[in-house]
Amino acid sequence: MLKTLVIGPCAVENPQQLREISEAMKELVLPSFCGPIIFRAGIWKPRTSPNTFQGVGNAGLTWLKEIPFPVATEVATAEHIYACVKTHIDYCWLGTRTTINPIVVQELADTWQKISPLDRPKGIFIKNPMAQDVDLWIGAIDRLSPLNVPLYAVHRGVNHHPCWKMAFECHRQRPNIPLLLDPSHLSGDASQVGLLCQQALDLDFDGWMIEVHCHPDKALSDSKQQITPQQLQNILNGLVLPTPITEGQKVLKELRKQMDEVDDELWDIIQQRIELSQKIGVVKKKYHIPILQVERLQDILQHRLIWARERHIDTSFVEQLIILLHEVSIKSQI
Ligand code: PEP
Ligand code: MN
């Protein structure tokens, strides 16, 4: 399945900013394993302090719709949902500060439920809650599941730390919900984004949500974690898709493990045989018994070939092996 790629600025700032980013995005060359771009940008920003940029609000909806990509924005209230439906915003996401509150999530689910299925989003991205509580995350997924809208779980960490265990547990319990990584909010650090994107690939995540801005240093929010379209292109160029382990390879690995164990025993026994023949050599020398005793070799061969025939084992292979072992014995006794 193609990886989901959701990219765009933390926040809509003005129409010119959106145009510049989307023009640059049109030039991106995506790896063959990536699906088409979904453009993300927040217009109602859940900022910690009221003294910071809070998002452009409803005005941003019409600017977003001019973007030549399907668009996604964050919703946290019923009013946000109605505004998105009115403007035909394609996708929505629930932020970490929303998924932590089951009452708010339920209210959003109930609001979408009242909206005709045709007007519901094409998909909803659900960030992990801002606490390491997988049940809250799964609870949010379950509250939105009755909408019959494609849902995506987005691992964005807690306090700039990854919570891989929580992400895998969410995926284990809801395996049909694709799991994406948001390396931007997870690290809060643009220099970590590439590394985390590759880690997500190695861990078989189903895609990424990445913050991209043409001038990260001038961004009105999350400026430290946003990367430029060129940086994103470099990251995409460097991604290496791990070779998937097929069922056949898994079985082969197990059988080879067993084979190695049998070989270990086989070589131990061959070593024991060599040591025994050295002891026999000492006795032969002491009692002046000839080293080569053809009748003995004939006996061994005759007995072992009957044994091989009864077991349908290739007799010429058994014969060659006995001659080889015999040669080694004779050499060790000379
Ligand atoms: C965002 O994606 O811009 C955002 C606010 O996300 P989070 O809820 O993960 O902080
Ligand atoms: Mn952000």
### Residues of the range 1-28 satisfying the condition of being in contact with a helix residue (DSSP H, G or I) (Cβ under 7 Å, 6 or more places away or on another chain) and in a loop (DSSP other than H, G, I, E, B)
9, 12, 28
### Inter-residue pairs, beta-carbon under 9 Å, first within 20 Å of residue 48 (Cα to Cα) and touching a residue at least 40 places away in the same chain (Cβ under 8 Å) and in the range 84-107, second part of a helix (DSSP H, G or I) and among the charged types (D, E, K, R), 6+ apart
102/143
### Query
For the range 188-199, which residues satisfy the criterion of being under 24 Å from residue 11 (Cα atoms) and either away from ligand 1 (no atom under 12 Å from the Cβ) or modelled with pLDDT under 95 (or both)?
189, 190, 191, 192, 193, 194, 195, 196, 197
### Message
Given (1) within 24 Å of residue 151 (Cα to Cα); (2) within 16 Å of ligand 2 (Cβ to nearest atom); (3) assigned to a loop (DSSP other than H, G, I, E, B), identify the lone condition not met by residue 32.
### Response
(2)
### Query
Could you count how many residues in the range 271-314 are farther than 16 Å from residue 333 by Cα and of a type in the set (Val, Ile, Thr)?
3
### Query
Any chance the range 140-161 includes a residue that's within 16 Å of ligand 2 (Cβ to nearest atom), touching a Ser or Thr at 6+ places or on another chain (Cβ under 8 Å) and at positive phi?
yes
### Query
What are the residues in the range 198-232 that are surrounded by fewer than 21 Cβ atoms within 10 Å (Cβ to Cβ) and assigned to a helix (DSSP H, G or I), if any?
198, 199, 201, 202, 216, 217, 218, 229, 230, 231
### Query
With respect to residue 276, is the statement that it is in contact with a Leu (Cβ under 7 Å, 6 or more places away or on another chain) and either of a type in the set (Ser, Thr, Tyr) or more than 16 Å from ligand 1 (Cβ to nearest atom) (or both) true?
no
#### Entry: Pick from the range 1-44, criterion within 16 Å of ligand 1 (Cβ to nearest atom) and polar (S, T, N, Q), ranking: surrounded by the most Cβ atoms within 10 Å (Cβ to Cβ)
4
### Message
Against the conditions (1) in a helix (DSSP H, G or I); (2) surrounded by 11 or more Cβ atoms within 10 Å (Cβ to Cβ), where does residue 291 fall short? Just the number, please.
### Response
(1)
### Message
Restricting to the range 35-75, name every residue that is part of a loop (DSSP other than H, G, I, E, B), within 16 Å of ligand 2 (Cβ to nearest atom) and of a type in the set (A, V, I, L, M, F, W, C).
### Response
41, 43, 44, 53, 56, 75
### Every residue from the range 45-65 that is free of Cβ contacts under 8 Å to residues at least 24 places away in the same chain and either among the basic types (Lys, Arg) or more than 14 Å from ligand 1 (Cβ to nearest atom) (or both)
50, 51, 57, 59
### Query
Does any residue in the range 211-222 that is near ligand 2 (Cβ under 9 Å from one of its atoms) come within less than 6 Å, Cβ to Cβ, of a residue that is part of a helix (DSSP H, G or I) six or more places away or on a different chain, and which pairs are these?
211/184
#### Entry: Criterion: among the acidic types (Asp, Glu) and farther than 23 Å from residue 223 by Cα - qualifying residue of 107, 74
107
### Query
Which ones in the range 81-97 are within 16 Å of ligand 2 (Cβ to nearest atom) and assigned to a helix (DSSP H, G or I)?
96, 97
### Task
Those residues that are part of a helix (DSSP H, G or I) and in contact with a Pro (Cβ under 7 Å, 6 or more places away or on another chain), I need them from the range 233-275; list them, please.
236
### Verdict on residue 206 being in contact with a Ser or Thr (Cβ under 9 Å, 6 or more places away or on another chain) and acidic (Asp, Glu)
yes
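The values are calculated or read from the model by the stated rules, or taken from the named source; none is laboratory data. Treat the numbers as computed from the prediction; the structure is a model and nothing was measured. Neighbour counts are summed over all protein chains in view; Cβ atoms, including those assigned to glycine, are modelled from backbone coordinates with ideal geometry.
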